1. Set the bar at 30 Å for Cα to Cα. Now go through A:Lys70/B:Lys73; A:Lys67/B:Lys121; B:Lys94/C:Lys7 and name every pair that lies beyond it.
2. Given DSSP loops and a limit of at most 12 other Cβ atoms within 10 Å, what is the longest stretch of chain B that contains no such trypsin sites (Lys or Arg not before Pro)?
3. May I ask for the net charge around C:Tyr36, where only other residues with Cβ less than 12 Å from the Cβ of C:Tyr36 are counted and Lys, Arg are +1 while Asp, Glu are -1?
4. Peptide C:81-91: average number of partner chain Cβ atoms within 10 Å per residue?
5. Return the calculated 222 nm mean residue ellipticity for chain A, to the nearest 500 deg cm²/dmol, obtained by summing -39500 (n - 2.57) across DSSP H runs with n ≥ 4 and dividing by the residue count.
6. What list of ³J(HN,Hα) values in whole Hz, one per residue of the range C:38-48 in order, does the Karplus curve 6.51 cos²θ - 1.76 cosθ + 1.60 (θ = phi - 60°) give from phi, with Gly and Pro shown as x?
7. Say a paramagnetic label sat at a point 7 Å from the Cα of B:Val81, along Cα to Cβ; which residues of the range A:85-123 have their backbone N under 17 Å from it?
8. In the calculated pair distance distribution of the range B:53-132, what percentage of Cα-Cα distances lie above 18 Å?
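Since every read-out is calculated from the coordinates, none of them should be taken as a lab result. It should be emphasised that the depicted structure is a prediction, and the values quoted were computed from it without experimental measurement. Every residue, glycine among them, receives a Cβ derived from its backbone with ideal geometry; neighbour counts consider all protein chains shown.
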Amino acid sequence: MGVKLKFGILILEGPYQHQSSDSAYNFAIAALEKGHEVSGVFLYNDGVNNATSFGDPPQDDRNVQEKWSKLAQEKGIDIVVCIAAGKRRGLIDDNLIKGTRISGLGQLTDLAISTDRLVTFGD
Amino acid sequence: MANPEEIEESSDEIVKKMMFVMRKAPHGTINPYEGLEVMLIVAAYDQDLSAVFLDDGVYAIKKGQDPKEIGAKDFSTTFRVLPGYGIEKIYVEKESLENRGLTVEDLLLEVEVVDKSEVTKLMQEQDVLFPF
Amino acid sequence: MLFTVNKSPFLFGHLDSCLQYAIKDTPILLIEDGVYAASKGTSYEKKLKEALGKFEIYALGPDLKARGIASVIDGVKIVDYAGFVDLAEKHNVAPWI
């Protein structure tokens, strides 16, 4: 196996409206399958909406929020919602999907510092 | 799972070159504003930071913005605190200014004007690029 | 530096802009709507071919398939998400969004 890297992912757009979240998810899966670590995902700008527990898409479509929630729990990925961006958009502790948590931009900074690559998905 | 304490320990030792690439105009999207908020927080971490304003990003630091009538907050003057926060390498791209009929006199903070080739070179040197 | 471009070149100037900041042999990965730039027979083809002379241009296969783009301009390399990861392993990522 090649060198194992630590990836950090930054998502700047919400689910469905833009493809960013799907692209980020698929990238994360591919990185894990290659044996890399996905140290964390930071949700900023409208990206915070990927963590809502209120999502209820049609049955025949993917459930973006649930996919991230499941991935966080199964693979131990730290999915962080920015507190300031979250508050602006109505994401607070009470309506966070399982596997995600609220914290500050310091977490994004730590992610950028501690990972080998920060990959951003946005629009 | 990444342990927050472990991340903190490694943050003390590592210094990365991080550049904020500001390409978006203010008010049409929140990008320059929330980008600025990231800058102010990241500035506290003793990293090697710089910001480059190019494309429509030059509009974010243009003087004379008055968003009262659109009901938005004027955050433009907050860019002035960046040097005081430790972000001293602030660049604006010459071609982006010229294409928009602007000069440094139109900007609300002191910047270093660089041309496209210098921006290219600066970006290649970075470990992390934050796009806003 | 790996540039990622996710918008169509017809509606947005992102790819045009990014090409001005790429140095020789820079890899540019077209993802999401960015893959339309790799389509044959468009008004952008000439520009893309010129870029191919200087840079490495990749298009994300799943995004091409999603959009029904059956074939791409000669020289554009199609990669899947594993290939995207490979590129990100080798290069810092400049998201040109």
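1. A:Lys70/B:Lys73; A:Lys67/B:Lys121
2. Within chain B, the longest run free of exposed trypsin sites (Lys or Arg not before Pro) spans B:1-62.
3. Net of charged neighbours comes to -1.
4. Per-residue shielding by partner chains comes out at 6.
5. Result for chain A, helices only: -10500 deg cm²/dmol.
6. Per residue, the Karplus-derived 3J(HN,Hα) values read 8, 5, 6, x, 9, 5, 8, 4, 4, 5, 5 Hz.
7. Only A:85, A:105-106 pass the distance filter.
8. Percentage above 18 Å: 46.
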